[in-house]
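A.B. asks: Structure below; questions to follow.
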Amino acid sequence: MSELSERFEPGVAKPAGEKIRCDACPVMCYIAEGRTGGCDRYGNREGHIVRLDALTILHHAEEEGGAVVPFLDAAEDWGGDLVNGGRRFVSAIGAGTTYPDYKPAPFIVSQEVEGVDLVTVVTEGIFSYCGVKVKIDTDRHIGPETATVRAKGEAVGHVTTGEYGSQMLSLGGVHHLTGGSKAEGRVTCETLMDLCNRKPVELSIDGGATVIVEAGKAPVIDGKTEHRMRVGCGSATIGMFATQWRGLVDEVVVVDDHITGVVSEHQAGKVLGWEDTGIKIVGRRSTPGRYFKVSEPGLGWGGTTISDPLEILGDWNPKKGARPGLSLMMVSTTGEQFAYFELDDELKPVEKPFPQRLRKSVDLIEDNCEPALCTVLFMAGAGGSLRAGVTENPVNLTRSVQGLSTYVTCGGAPVYVWPGGGITLMVDVMRMPENAFGYVPTPALVAPIEFTLRRDDYVRLGGYESEIRSVDDVLARGGEYRNARSASAAPPRNLWPPLAQLRRNGQP
Ligand code: SF4
């Protein structure tokens with residue numbers, strides 16, 4: 001009897017009442033009949049260890065961008081009927097694990113695509129070395145760089161360098177998962193899993209704000225939902241819109257935490273022939289019309305602490321153009337805050353009703369702002385043990401991935417593979433099917449991962465040729481962990497991975 005058929009024989013069940021050991025992670029739970037193990041992913045059913053979530057088979061629309069029609073209700077288990085011949089992809093969601101990978105990955109599936117025999121190795125990876133990178137689109141200051149980020153009071157990560165219009169968090173990683181207290185590891189794991197499964201998570205930042213982060217949704221900062229991502233810094237905003245303001249107002253200040261812009265002094269204003277206004281900005285002048293540090297970072301105008309924009313203005317200089325009646329618009333980088341002033345006889349700005357003629361230009365700033373979202377990227381390193389489930393010579397898999405011979409996906413979603421050693425990848429959780437992530441109490445995250453490559457390449461790199469099965473066989477017989485099978489539509493925008501692999505190999 002071949003090793004393959006042995007693995008899929010029903011086997012002799014342990015007598016009822018006897019606990020059996022799950023070997024799918026290092027915890028090695030003993031599980032009694034009818035109960036589940038420490039992670040709720042495996043259970044003892046009639047004396048067998050069973051992977052309790054169904055193996056998810058994704059159905060891709062035939063044409064890119066075409067309508068996706070599920071071929072079974074997502075909740076319905078696969079009945080064994082081969083009713084659909086469309087583009088199917090055996091994802092690793094619900095596949096099970098072979099940790100430590102002394103045996104081949106749970107599913108190694110072949111498909112012929114446009115005359116090329118491709119193999120996809122499917123496994124649920126257990127990632128202790130993993131985390132998430134969170135991008136929060138907001139101008140607001142959510143906390144100083146390197147400040148600790150907490151969930152339920154436990155340290156789960158830190159604030160990292162801000163990007164243009166976004167604040168960034170780096171959460172998880174091996175030090176929080178395994179290097180701190182038990183509670184820290186448990187909460188970190190739970191936080192990562194919830195974020196990756198697109199659930200809302202409340203995070204508090206030491207010396208900063210409390211943020212509710214949910215992938216694909218607007219951030220909620222200190223109880224306030226953010227709506228817009230800024231159009232650019234104050235200087236960029238001036239560059240974009242100076243033409244629109246010409247002739248409508250004498251001076252424009254775009255208030256921003258990073259670079260506050262002044263149109264009459266700015267290069268864009270000079271080119272357009274703006275007159276000097278004798279304005280004085282309290283801040284550190286960088287280049288003409290560009291000021292740093294007009295305020296501390298905060299939750300006010302343009303990510304400053306300012307609620308009254310006049311705070312950043314000094315005395316107006318009549319020798320340089322200040323005069324009674326001179327008009328001034330002040331606006332933030334999202335266009336959410338704006339005000340209009342005119343200088344009185346003492347050259348003091350006095351707020352006046354916002355004129356209709358300037359409305360359009362403020363609306364234009366707002367229109368150019370994209371919706372503020374939270375983006376969650378799962379980042380992990382596929383370690384040697386996982387790679388051993390793919391090939392007997394694990395480094396060959398790394399070389400093959402780095403050499404673009406092997407296409408990596410997570411739940412069918414394309415990933416970014418970092419250059420350099422190892423298989424360190426990032427994937428946007430919004431491109432993965434929902435609830436694709438699990439955990440084990442070591443603690444570590446469990447994430448689906450698939451490797452697709454040409455069959456001959458797979459054999460050449462030391463792959464488990466005798467374990468290769470067809471998609472139909474997987475559908476009909478399941479796997480070692482008696483996985484139920486369920487079908488669901490692939491998330492739109494993801495190319496069918498076997499086809500993506502072919503195109504990557506330069507096929508038409
Ligand atoms: S924690 Fe889960 S995967 Fe690990 S041994 Fe227990 S049941 Fe199996």
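The values are calculated or read from the model by the stated rules, or taken from the named source; none is laboratory data. Keep in mind that this is a model prediction, so the values were computed, not measured. A quick note on method: Cβ atoms are made from the backbone with ideal geometry, for glycine too, and the neighbour counts reach across all protein chains shown. Surface areas here come from the heavy atoms of the whole protein model, side chains and all, with no ligands, DNA or RNA. Shrake-Rupley method; radii C 1.70, N 1.55, O 1.52, S 1.80 Å.
A.B. asks: Being modelled with pLDDT of 95 or more and open to solvent by 10 Å² or more (accessible area, probe 1.4 Å), is that true of even one residue in region 99-110?
C.D. replies: yes
A.B. asks: Under the condition of being open to solvent by 50 Å² or more (accessible area, probe 1.4 Å) and touching a residue at least 12 places away in the same chain (Cβ under 8 Å), which residue from region 355-366 is nearest to Asp315 (Cα to Cα)?
C.D. replies: So the residue we want is Arg357.
A.B. asks: Pull out all pairs, ordered by first then second residue, where Cβ-Cβ is under 8 Å, the residues are six or more apart or on different chains, the first lies in region 21-45 and is of a type outside the set (Gly, Ala, Ser) and outside any loop (DSSP other than H, G, I, E, B), and the second is near the ligand (Cβ under 6 Å from one of its atoms) and open to solvent by less than 10 Å² (accessible area, probe 1.4 Å).
C.D. replies: Hits for this filter: Ile31/Tyr42; Thr36/Tyr42; Tyr42/Ala24.
A.B. asks: Still on this structure: Only one of Val83, Val12, Val27 is modelled with pLDDT under 90 and within 16 Å of the ligand (Cβ to nearest atom). Can you tell me which? If you could, list the steps in order and put the result at the bottom.
C.D. replies: Working: Val83 fails: within 16 Å of the ligand (Cβ to nearest atom); Val12 fails: within 16 Å of the ligand (Cβ to nearest atom).
Every option except Val27 fails the conditions.
A.B. asks: Can you work out which of the residues in region 165-190 that are under 21 Å from Thr138 (Cβ atoms) and open to solvent by less than 10 Å² (accessible area, probe 1.4 Å) is farthest from the chain's Cα centre (by Cα)?
C.D. replies: Gly165
A.B. asks: If you check Val220, Val134, Val187, Val174, which single one turns out to be over 25 Å from Gly381 (Cβ atoms) and either modelled with pLDDT of 95 or more or touching a Ser or Thr at 6+ places or on another chain (Cβ under 8 Å) (or both)? Spell out how you get there, then give the answer.
C.D. replies: Working: Val134 fails: over 25 Å from Gly381 (Cβ atoms); Val187 fails: over 25 Å from Gly381 (Cβ atoms); Val174 fails: over 25 Å from Gly381 (Cβ atoms).
Testing whether each residue is over 25 Å from Gly381 (Cβ atoms) and either modelled with pLDDT of 95 or more or touching a Ser or Thr at 6+ places or on another chain (Cβ under 8 Å) (or both) leaves just Val220.
A.B. asks: Kindly check whether there is at least one residue in region 372-386 that is free of Cβ contacts under 8 Å to residues at least 12 places away in the same chain and more than 30 Å from Leu453 (Cβ to Cβ). Talk me through it step by step, then tell me what you get.
C.D. replies: Taking region 372-386 first, the residues free of Cβ contacts under 8 Å to residues at least 12 places away in the same chain are 384.
After this cut, where a residue has to be more than 30 Å from Leu453 (Cβ to Cβ) as well, the list is none.
Scanning region 372-386 turns up no residue that is free of Cβ contacts under 8 Å to residues at least 12 places away in the same chain and more than 30 Å from Leu453 (Cβ to Cβ).
A.B. asks: Being open to solvent by 20 Å² or more (accessible area, probe 1.4 Å) and within 16 Å of the ligand (Cβ to nearest atom) is the filter here; which residues of region 395-442 pass it?
C.D. replies: Tyr439, Pro441, Thr442, listed by residue number.
A.B. asks: Could we say that Val187 is among the hydrophobic types (A, V, I, L, M, F, W, C) and in a loop (DSSP other than H, G, I, E, B) here?
C.D. replies: No: the conditions fail for Val187.
A.B. asks: What strands (runs of 3 or more DSSP E), lying completely within region 196-259, carry at least 1 residues that are touching a strand residue (DSSP E or B) at 6+ places or on another chain (Cβ under 8 Å) and either of a type in the set (D, E, K, R) or over 16 Å from His141 (Cα atoms) (or both)?
C.D. replies: Ranges flagged: 201-205, 251-255.
A.B. asks: Residues in region 433-452 that are touching a Pro at 6+ places or on another chain (Cβ under 7 Å) and under 25 Å from Pro492 (Cβ atoms): how many? First the steps, then the outcome.
C.D. replies: Pass one, region 433-452, residues touching a Pro at 6+ places or on another chain (Cβ under 7 Å): 433, 436, 442, 450, 452.
So of that shortlist, the ones also under 25 Å from Pro492 (Cβ atoms) come out as 433, 436, 450, 452.
Qualifying residue count, region 433-452: 4.
A.B. asks: Across region 111-157, what is the total count of residues that are closer than 30 Å to Asp473 by Cβ and open to solvent by less than 50 Å² (accessible area, probe 1.4 Å)?
C.D. replies: Total meeting the criteria: 13.
A.B. asks: In addition: Would you pick out the residues in region 286-306 that are at pLDDT 90 or above, in a strand (DSSP E or B) and open to solvent by 20 Å² or more (accessible area, probe 1.4 Å)?
C.D. replies: Passing the criteria: Ser286, Thr287, Arg290, Phe292.
A.B. asks: How many residues does region 369-394 hold that are within 18 Å of Phe437 (Cα to Cα) and open to solvent by 10 Å² or more (accessible area, probe 1.4 Å)?
C.D. replies: First, pick out the residues of region 369-394 that are within 18 Å of Phe437 (Cα to Cα): 375-383, 386.
Cutting the leftovers down to open to solvent by 10 Å² or more (accessible area, probe 1.4 Å) gives us 375, 377, 379, 381, 383, 386.
Count: 6.
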